[in-house]
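Below you'll find the structure, written out as structure tokens, and then a few comments.
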2 protein chains.
Amino acid sequence: MKIGVFDSGLGGLSIAQAIMARLPDHDYLYLGDTKRVPYGNRSQETIHEFVGEALDYLFANDCLLVILACNTASAESLRRSQQQYLPQKYPDRRVLGVLIPAVEAALEIAEEGRIGVLATASTVDSGSYPREISSRSPNASSVCVAAPLLVPLVECDGLKYAGPILDDYLANLGRVDALILGCTHYGFLKDEIRSMIDCPVVCPDEVVPNKLADYLNRHPEIESRLSKGASRTYRVTDLAPGYAALASRLAGSPIPLEAVSL
Amino acid sequence: MKIGVFDSGLGGLSIAQAIMARLPDHDYLYLGDTKRVPYGNRSQETIHEFVGEALDYLFANDCLLVILACNTASAESLRRSQQQYLPQKYPDRRVLGVLIPAVEAALEIAEEGRIGVLATASTVDSGSYPREISSRSPNASSVCVAAPLLVPLVECDGLKYAGPILDDYLANLGRVDALILGCTHYGFLKDEIRSMIDCPVVCPDEVVPNKLADYLNRHPEIESRLSKGASRTYRVTDLAPGYAALASRLAGSPIPLEAVSL
């Protein structure tokens, strides 16, 4: 069976590529919900509905384990999916997010410090980062800043305009001991952000692959059921004219996209 | 019966408010598809599907006439809706767009000139503006530039960052004799754009209300069936935490939003 990687759009390709580089032998199915991207400003109920439809699709297409590569989806829906949706409907399948690996990595840097998070509006509203940080390290504090313009800058070829916008978002954080880039897309700005801020920066695509490898080592009952044909399939819910080029640009190599309906 | 105003999100409130100011006695139902906004980067098939669902909803809720206040929807779906969907399914209803009023206004300024259009990627890809311009004035020429970052700047409180982005988009147009703001949202940047470009600027919210009034004068069989209770109802397909404040900011006055499913 396959590893599924789900994102609201194409930004999750950065995490998918990083996972595939770390665990190259597995079979992968990437799904991007480009028909309804972005999720970052939608309500919790809507995000949960969309994630449920994506999980149905991925499980129906032979995925044993799904990575929610979208922070918004992880923040809003991971716990509900793990605690309610999967036990009822798919007891033998697994879903993992990108939020907890990032929190763990930030706490390794600043266990009792002040942790900053840049994320989408709905991830910030969910309160997931402060909750996960304080539950692991009661003496750590956190500050979350919504950075809603960064996703469009990445998706619409606007990285060159990011400077003054990042200046303002980073100023809103104040002094922090570690910064989590709490949205898959922000990884495409990580070099610029690192040059602008004087603390370690945690980027999901740099921590999720090792955390997934650890997970599979600790769960041989999952690992043994994953097939090793090194296949990669990339599917999107809407294939607009510019998407193939955007996908290849974000992934750094040509990506063959197929359109599907959920 | 009511006048329906449809937009992919909340940007169409600018046109809705302008129409209501021009024709204050009519009853209005505004629908914003906030669950799936923005439309500007989606495929033609997907946009047509979404517009069809919105028309079904508005016609089922007593709208006789629907204004597609979204340029992307007008560009991709107006003609198909008028020529195929309505005749088959709703022969006594009407749907009007915002694209042709803007084209007519630009040609009144520069009948044989070079007309610039700023629009979303999918509106540009549709080829609708060049087609409508050249079919009305064979000696006019046109140049369309995709301006994908402007919608997020408006929706995510980023107007102060618009300067250098607009500089680049306007430079891509070259010299033009009139400029059409080919997306509802761009009206929120019209003062800044007018200060940056040396030609008349056509903004849909300034031309659509009079064109609609003309249409109703010419079509008494429609006008006579419209009720005059001066009611306004505003519905959205997803009511995320920030939407009520955004709607009020865009409309310039408090807007009571209700959530509905299509």
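The values are calculated or read from the model by the stated rules, or taken from the named source; none is laboratory data. Computed from a predicted structure; not experimentally measured. Reconstructed Cβ throughout: ideal geometry from the backbone, glycine too, with neighbour counts over all protein chains shown. Quick note on the areas: whole protein, heavy atoms, side chains included, nothing else; ligands and nucleic acids left out. Shrake-Rupley method; radii C 1.70, N 1.55, O 1.52, S 1.80 Å.
Things to note:
- Scanning region B:171-187 for residues that are aliphatic (A, V, I, L, M) and either touching a residue at least 60 places away in the same chain (Cβ under 8 Å) or surrounded by 18 or more Cβ atoms within 10 Å (Cβ to Cβ) (or both) yields B:L173, B:V176, B:A178, B:L179, B:I180, B:L181.
- Selection status of A:S43, of a type in the set (S, T, N, Q), open to solvent by less than 20 Å² (accessible area, probe 1.4 Å), within 14 Å of another protein chain (Cβ to nearest Cβ) and closer than 22 Å to A:V145 by Cβ: yes
- Just one of (1) under 20 Å from A:Y215 (Cβ atoms); (2) modelled with pLDDT of 95 or more; (3) surrounded by 18 or more Cβ atoms within 10 Å (Cβ to Cβ) fails for A:R136. It is (3).
- Of the residues making up region B:5-16, none is open to solvent by 40 Å² or more (accessible area, probe 1.4 Å) and in contact (Cβ under 8 Å) with a residue 40 or more places away in the chain.
- Any hit, region B:206-221, residues being within 23 Å of B:V151 (Cβ to Cβ) and open to solvent by 20 Å² or more (accessible area, probe 1.4 Å): yes
- Some residue of region B:19-28 being farther than 26 Å from B:K190 by Cα, out of contact with any Phe, Trp or Tyr (no Cβ under 7 Å at 6 or more places or on another chain) and open to solvent by 20 Å² or more (accessible area, probe 1.4 Å): yes
- Meets criteria (under 21 Å from A:V37 (Cβ atoms), at pLDDT 95 or above and open to solvent by less than 10 Å² (accessible area, probe 1.4 Å)) for A:V202: no
- Count of region B:1-28 residues which are within 22 Å of A:R42 (Cα to Cα) and modelled with pLDDT of 95 or more: 3
- Residues of region A:102-121 that are in contact with a Pro (Cβ under 7 Å, 6 or more places away or on another chain) and either in a helix (DSSP H, G or I) or surrounded by fewer than 18 Cβ atoms within 10 Å (Cβ to Cβ) (or both): A:A102, A:I109, A:A121.
- For region A:141-170, a residue qualifies if it is among the small types (G, A, S) and either within 14 Å of chain B (Cβ to nearest Cβ) or open to solvent by less than 10 Å² (accessible area, probe 1.4 Å) (or both), and the qualifying residues are A:A146, A:A147, A:G158, A:A162, A:G163.
- Failed condition for B:I255, given (1) out of contact with any strand residue (DSSP E or B) (no Cβ under 8 Å at 6 or more places or on another chain); (2) more than 14 Å from chain A (Cβ to nearest Cβ); (3) buried (at least 18 other Cβ atoms within 10 Å of the Cβ): (1)
- Any hit, region A:122-129, residues being on the phi < 0 side of the Ramachandran plot, among the aliphatic types (A, V, I, L, M), open to solvent by 50 Å² or more (accessible area, probe 1.4 Å) and within 14 Å of chain B (Cβ to nearest Cβ): no
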